[in-house]
Amino acid sequence: MRKSGILMHISSLPSDFGIGKLGDAAYVFADFLAECGVQVWQILPLSPTSYGDSPYQSFSVHAGNPYFIDFQRLERAGYLAPPDYSGITWGDDPRRVDYARVYTYCFHVLRTAFSRFKQTDEDYQVFCKTHASWLPEYALFMALKDAHHGKPWNQWEEPLAMREEKALEQAREKYAEDIAFYSVLQYWFYQQWDALKAYCNQKGISIVGDIPIYVAYDSVEVWSQPELFQLDEEHVPTAVAGCPPDVFSPTGQLWGNPLYDWEYHKKTKFAWWTERLRSAATLYDTVRIDHFRGFESYYAVPYGKTTAEVGEWLPGPGMALFDAVKKELGEISIIAEDLGFVTPEVRKLLEDCGYPGMKVTQFAFDGDPKSDYLPQNYATTNCVAYTGTHDNMTLRGWIHGSPAKTIAFAKRYLHCRNTVDLPAEMLRITWSSTAKLAVAQMQDFLDAGTEGRMNTPSTTGGNWQYRTVTSDFTPRLAKRIYQLNELYNRLPEDPKPKRIKKAARKAAITGKREKKS
């Protein structure tokens with residue numbers, strides 16, 4: 001069945017609180033998608049962000065971002081009152097996230113709510129038991145970060161950094177209140193996320209969520225499970241992740257993430273990866289794995305290098321990992337991010353897994369009519385066509401930043417006389433492709449320029465800030481997207497948006513349940 005999707009992260013939703021939330025605006029956006037005939041909402045990782053505000057550099061692979069917890073839903077539950085949050089200035093620009101202000105004030109509001117929460121709550125106790133495999137360590141890790149003024153774990157005193165049991169026991173006792181705080185935040189996050197996902201699913205909308213292949217060095221996973229990674233006796237990486245030099249990056253890309261000790265993972269039958277994907281497949285309906293090629297072979301840069309010019313390709317786990325996952329979890333829905341330099345070996349791994357790869361329309365106009373990204377050259381329908389990803393410029397911005405030769409080829413290919421019309425034509429050709437799923441950033445439907453770019457790879461500052469406002473989502477735009485889906489056979493089998501009973505919809509949006517008589 002042919003489908004379409006829109007890529008927009010939770011942080012980009014309209015909000016009066018500086019950043020998108022899992023509140024009313026998220027439900028209204030789900031309604032908008034249904035009116036458009038869109039069946040897939042793709043988001044970025046939901047994980048807590050660390051330095052640089054990137055969802056791909058997180059403190060935990062399992063935890064949710066507390067920034068997304070909706071204050072109004074906490075108010076309806078009795079934990080907040082409007083004066084606790086309504087008088088705060090969350091930022092000066094409704095179209096940009098001011099992370100410094102969000103960080104400063106968000107946790108202050110959440111601590112106020114926590115002070116009114118009873119930890120004896122039965123649902124909360126069940127949640128803690130359900131997530132006992134990761135929640136206690138994560139909450140302890142975050143409490144210790146607070147106690148050390150946000151410093152990474154390798155800058156803590158050695159007994160805590162190296163996890164001496166006596167030091168950990170003392171920390172659990174000393175910081176019990178903060179540990180409880182971070183546990184309750186996860187309860188609220190999961191409670192709100194589960195409700196939103198259920199609402200989307202009721203509307204016929206599935207969620208595609210992203211997970212990065214690597215984890216951050218300053219994460220609870222590296223601190224609490226160093227055996228999973230290539231670290232020395234002092235838990236310092238021996239090599240880190242990156243990409244070798246190419247025409248776009250003469251010195252390569254130095255990501256700096258610790259690399260996996262794949263021999264250890266094989267010995268444990270990939271238990272950690274299995275649990276990670278189990279968790280992701282619970283959060284999302286489909287899991288998009290970033291940098292899929294790293295499972296076939298990965299680029300290792302010696303630790304301490306300032307660029308990625310020196311490094312070597314080493315073998316990844318290959319099919320052994322995915323066979324183990326399939327054995328434990330059965331078939332789960334996965335999209336493989338297979339962009340960049342893709343070797344025959346990577347293509348073979350993708351084929352053996354059976355996962356759809358990605359085609360990006362922005363990459364198609366290099367002047368080569370044999371380009372794999374041109375729709376007539378798609379080798380299979382089992383792929384996802386994107387106008388661009390979160391790492392790409394918006395279509396409007398791409399036009400202004402691309403060489404004249406590229407634009408000339410695009411205009412010729414798309415039978416487009418005027419450059420200004422290229423974004424609409426690139427959307428159209430993506431939707432008309434044979435790919436089972438066609439996805440565009442919300443920014444491209446809103447015809448945003450350079451200000452709409454979500455992320456510029458290998459840069460820090462100014463990224464992940466894009467936001468929408470309520471007035472963006474007009475009936476006219478919904479009709480335009482619906483007609484595009486209709487023209488290219490991407491509507492649901494029942495094209496009428498699924499109606500949810502008024503009382504049930506109100507309960508879903510407000511978080512209140514009807515009392516049973």
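Hey, can you tell me all the residues within the stretch 374-421 that are crowded, with 20+ Cβ neighbours inside 10 Å, of a type outside the set (Val, Ile, Thr) and not in a helix (DSSP H, G or I)?
Within the stretch 374-421, Cys383, Ala385, Tyr386, Gly388, His390, Asn392, Met393 meet the criteria.
Table: residues versus (1) of a type outside the set (S, T, N, Q); (2) surrounded by 20 or more Cβ atoms within 10 Å (Cβ to Cβ); (3) in contact (Cβ under 8 Å) with a residue 12 or more places away in the chain; (4) closer than 27 Å to Leu283 by Cβ.
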| position | (1), (2), (3), (4) |
| --- | --- |
| Glu158 | yes, no, no, no |
| Glu164 | yes, no, no, no |
| Phe181 | yes, yes, yes, yes |
| Trp193 | yes, yes, yes, yes |
| Asn201 | no, no, yes, yes |
| Ser206 | no, no, yes, yes |
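Any idea which residue in the stretch 325-344 is nearest to Tyr214 (Cα to Cα), counting only those that are of a type in the set (Asp, Glu) and surrounded by 13 or more Cβ atoms within 10 Å (Cβ to Cβ)?
Restricting to residues being of a type in the set (Asp, Glu) and surrounded by 13 or more Cβ atoms within 10 Å (Cβ to Cβ), the top hit is Glu337.
So which residues in the stretch 45-76 are surrounded by 22 or more Cβ atoms within 10 Å (Cβ to Cβ), touching an Asp or Glu at 6+ places or on another chain (Cβ under 9 Å) and free of Cβ contacts under 8 Å to residues at least 60 places away in the same chain, if there are any at all?
The one that is surrounded by 22 or more Cβ atoms within 10 Å (Cβ to Cβ), touching an Asp or Glu at 6+ places or on another chain (Cβ under 9 Å) and free of Cβ contacts under 8 Å to residues at least 60 places away in the same chain: Phe71.
Looking at the stretch 113-143, which of its residues are of a type in the set (Gly, Ala, Ser) and either farther than 29 Å from Trp156 by Cβ or part of a loop (DSSP other than H, G, I, E, B) (or both)?
The answer is Ser115, Ala132, Ser133.
Let's see how each residue does on (1) modelled with pLDDT of 95 or more; (2) of a type outside the set (A, V, I, L, M, F, W, C); (3) in contact with a strand residue (DSSP E or B) (Cβ under 8 Å, 6 or more places away or on another chain):
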{"residue": "Ser86", "(1), (2), (3)": "no, yes, no"}
{"residue": "Asp93", "(1), (2), (3)": "yes, yes, no"}
{"residue": "Arg96", "(1), (2), (3)": "yes, yes, yes"}
{"residue": "Phe107", "(1), (2), (3)": "yes, no, no"}
{"residue": "Ala113", "(1), (2), (3)": "yes, no, no"}
{"residue": "Gln119", "(1), (2), (3)": "yes, yes, no"}
{"residue": "Glu122", "(1), (2), (3)": "yes, yes, no"}
{"residue": "Thr130", "(1), (2), (3)": "yes, yes, no"}
{"residue": "Pro136", "(1), (2), (3)": "yes, yes, no"}
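From the residues in the stretch 242-264 that are surrounded by 20 or more Cβ atoms within 10 Å (Cβ to Cβ) and at pLDDT 95 or above, which one is farthest from Val220 (Cα to Cα)?
The selected residue is Trp262.
Across the stretch 144-158, what is the total count of residues that are out of contact with any His (no Cβ under 8 Å at 6 or more places or on another chain) and in a helix (DSSP H, G or I)?
Here the count works out to 6.
Scan the stretch 177-195 and tell me whether some residue there is modelled with pLDDT of 95 or more and under 24 Å from Phe322 (Cα atoms).
no
Of these, Arg288, Arg293, Arg276, which one is basic (Lys, Arg), closer than 24 Å to Pro55 by Cα, part of a helix (DSSP H, G or I) and touching a residue at least 60 places away in the same chain (Cβ under 8 Å)?
Residue meeting the stated conditions: Arg276.
For Tyr103, state whether it is crowded, with 18+ Cβ neighbours inside 10 Å, closer than 29 Å to Pro14 by Cα, under 23 Å from the mean Cα position of the chain (by Cα) and not hydrophobic (A, V, I, L, M, F, W, C).
No, not satisfied.
Taking into account only those residues within the stretch 220-273 that are in a loop (DSSP other than H, G, I, E, B) and β-branched (Val, Ile, Thr), which is farthest from Trp134 (Cα to Cα)?
The selected residue is Val247.
Which one is surrounded by the fewest Cβ atoms within 10 Å (Cβ to Cβ), of the residues in the stretch 437-460 that are free of Cβ contacts under 8 Å to residues at least 60 places away in the same chain and in a loop (DSSP other than H, G, I, E, B)?
Looking at the filtered set, the residue picked out is Thr459.
When you go through (1) more than 30 Å from Glu275 (Cβ to Cβ); (2) in a helix (DSSP H, G or I) one by one for Tyr79, which number turns out not to apply?
(2)
The values are calculated or read from the model by the stated rules, or taken from the named source; none is laboratory data. Quick caveat: nothing in here was measured; it's all calculated off a predicted structure. Glycine also receives a Cβ, built like all others from the backbone with ideal geometry; neighbour counts cover every protein chain displayed.
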